[in-house]
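First the structure, in the form of structure tokens, and then the observations on it.
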Amino acid sequence: MAVPDAIDFELKERAMDEAPVGITITDPDRPDNPLIYVNESFERMTGYAAEEALGRNCRFLQGEGTDPDAVAELREGIAAAEPVTVELRNYRRDGEPFWNEVTVAPLRDEDGEVTHFVGFQVDVTRRKEAQLALSAERERLDRLVDRINGLLADVTELLMQGVDRAETERAIVERVAATGAYAAAWIGEPDLARDELVTSSAAGFDGSLDDFTVDLDGESPVARAYARETVVRDDVDEAFALDRATGHLAAVPIVYGDATYGVLAVVGVDADALDDRELVVLESVGKTIATAINAARSRRGLTADDLAELEFAVGDSSLFPVALAEAWDCRLELRGSTVADDGGLRLFVAAVREQMADPEPPAEVEGVESVTRIGGGETVLFELELAPRSVVDRLAERGAELRSLDVESGVAELTVTVPAETGGRVILELLEDRFDDVELLAYREQERRPTTRTAFVEQLEDQLTERQSKALYSAFYSGYYDDPRGASGDELAEAMGVSRQTFHQHLRAAERKLLAAVLG
Ligand SMILES: Cc1cc2nc3c(=O)[nH]c(=O)nc-3n(C[C@H](O)[C@H](O)[C@H](O)COP(=O)(O)O)c2cc1C
């Protein structure tokens, strides 16, 4: 259907004026291909009124941030009279930069001659900035991954080399401190007796941190990381401050399961060095170190594992041995303990007193269900049946074992062992919760007693002399311990070619060692 020319023209003009994208027309027959038409969207987008824009080449929108390659693409497209689309940085009248997606196309007359160029402008700032941010982010992430991958791989390799822990940790802090974004690194290990972390290794610091300690009750990032078992990022605190490190400190706990072996502190060269993702990776570094420490421990074999041994003084008479020693006015020593059939704990304690009157079981001591006296003399042995949920029970629930107990003058000194992975802190907290006047006297790590039957037998055999071992084995296998007895002592002595008395000496020595190994 034919539309009258006038209406057609008016409609087109209105559509162009009010189109939601910028529309521009240039006249290539005039010098420098100036604008002869701009629509309202162009005016709004650029901030230039039509009368300021007309007569000028549209390059006036360009500025120092405009990519010359994009401009060249436009120039070449126009010269070749071919449509071209580019995204380039332009500047509004007030100087604010924006991203302009420009499409330029030639307009031809009936003869195919180019009479004008039309341009379409779309403000794509938001999309472009999001894209740019994304690719900057990707690049950053790539760099981070490269850096961290190398770090994790190197740390793992150092750990696999299996040299001793101190040397490994030194190598690790050196490796971390050599990482571009980090200025220095430190590993501290707990000294529970002193309730602090002490320097195990440090690299990248100006001075020596050998005597540096972190109070575990304090609020420093390192203390918080240790207590909460999470990575803590904070300002560089005094001890870690470096001339060249103006940024942050990441305190990374070295945790495996229930065990916290220490804290790795990493000082970033600037605040950006330790962003959230970096912390995630550093957390893995901490875990890797802890896993390796743990693995190194279990690699030592099935026969031995580490135990932490803690020595406490408890001066609280609500602890039952203290109460008993006070009631009996004597010194008390733990001789051994056993678990009864009903699951109740029994302790054998010796009451030692110079002038032992006749210590009678006191009427009632909290935590003790019954007291039975065994034997007499200068040292009187008592069997104590402990009430359920006694403190000894509570220790046992945490894998801890009461190894020795001595009470004198109202103070109980006890030695407790606990699997090193559990850590001594749990035990300290348990006692502190329950009793007043608890002091940790010593904390050390020691070899665990054998945990497999083979290992147990091997260790026992190491302790027996050849003759003791022969006496014990031949007695057992010949039915000496059966009822009725298989072989007699005389027969066994004869078989070993020794006197009856000598045989019994060897056998009793072997039995004593066997019992000590089982009960001791
Ligand atoms: C119709 C038309 C519209 C144009 N629109 C823009 C624009 O919005 N922004 C811009 O930077 N360049 C625009 N240009 C491109 C410039 O005018 C110029 O052609 C370009 O900078 C390349 O030429 P030069 O190297 O001489 O500067 C447009 C060109 C034409 C023909």
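Here is how the numbers come out for the structure above:
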quantity	calculated
Yes/no for Val38 being in contact with a helix residue (DSSP H, G or I) (Cβ under 9 Å, 6 or more places away or on another chain), within 10 Å of the ligand (Cβ to nearest atom), of a type in the set (A, V, I, L, M, F, W, C) and without any contact (Cβ under 8 Å) to a residue 24 or more places away in the chain	yes
Condition met for Glu157 (out of contact with any helix residue (DSSP H, G or I) (no Cβ under 6 Å at 6 or more places or on another chain), open to solvent by less than 50 Å² (accessible area, probe 1.4 Å) and more than 16 Å from the ligand (Cβ to nearest atom))	no
Residue count for the range 303-333, restricted to those that are at pLDDT 85 or above and within 22 Å of Leu515 (Cβ to Cβ)	1
Residues of the range 193-214 classified as surrounded by 13 or more Cβ atoms within 10 Å (Cβ to Cβ) and either under 19 Å from the mean Cα position of the chain (by Cα) or under 20 Å from Ala177 (Cα atoms) (or both), total	14
Residue that is modelled with the lowest pLDDT [pool: residues in the range 208-245 that are over 20 Å from Arg425 (Cα atoms) and of a type in the set (Lys, Arg)]	Arg244
Whichever residue in the range 81-105 is open to solvent by 50 Å² or more (accessible area, probe 1.4 Å), over 20 Å from Asp17 (Cβ atoms) and out of contact with any strand residue (DSSP E or B) (no Cβ under 9 Å at 6 or more places or on another chain) and, among such residues, is farthest from the ligand (Cβ to nearest atom)	Asp94
Helices (runs of 4 or more DSSP H) within the range 23-127 that include 1 or more residues at pLDDT 95 or above and within 20 Å of Glu13 (Cβ to Cβ)	40-46, 50-53
Top-ranked residue in the range 261-302 [being part of a strand (DSSP E or B) and over 17 Å from Leu159 (Cα atoms); ranked as modelled with the lowest pLDDT]	Gly268
Residues of the range 125-154 satisfying the condition of being open to solvent by less than 50 Å² (accessible area, probe 1.4 Å) and β-branched (Val, Ile, Thr)	Thr125, Ile148
Set Glu113, Glu129, Glu157, Glu139: member being acidic (Asp, Glu) and over 30 Å from Gly268 (Cα atoms)	Glu113
Residues that are farther than 27 Å from Asp329 by Cα and touching a residue at least 24 places away in the same chain (Cβ under 8 Å), drawn from the range 396-408	Ala396, Arg398, Ala400
Residue match in the range 11-29 (condition: open to solvent by less than 50 Å² (accessible area, probe 1.4 Å), of a type outside the set (Phe, Trp, Tyr) and more than 19 Å from His116 (Cβ to Cβ))	no
Arg108 being of a type in the set (Lys, Arg), more than 10 Å from the ligand (Cβ to nearest atom) and open to solvent by less than 90 Å² (accessible area, probe 1.4 Å)	no
Glu76 within 11 Å of the ligand (Cβ to nearest atom) and charged (D, E, K, R)	yes
Selection count where residues are more than 9 Å from the ligand (Cβ to nearest atom), within 20 Å of Val114 (Cα to Cα) and open to solvent by less than 50 Å² (accessible area, probe 1.4 Å), scope the range 43-73	0
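The values are calculated or read from the model by the stated rules, or taken from the named source; none is laboratory data. Every value quoted in this text rests on a predicted model; they were computed, and no experiment measured them. Using ideal geometry, Cβ is built from the backbone for each residue, glycine included, and neighbour counts are taken over all protein chains shown. Accessible surface is based on the protein model in full, side chains and every heavy atom, while ligands, DNA and RNA are left aside. Shrake-Rupley method; radii C 1.70, N 1.55, O 1.52, S 1.80 Å.
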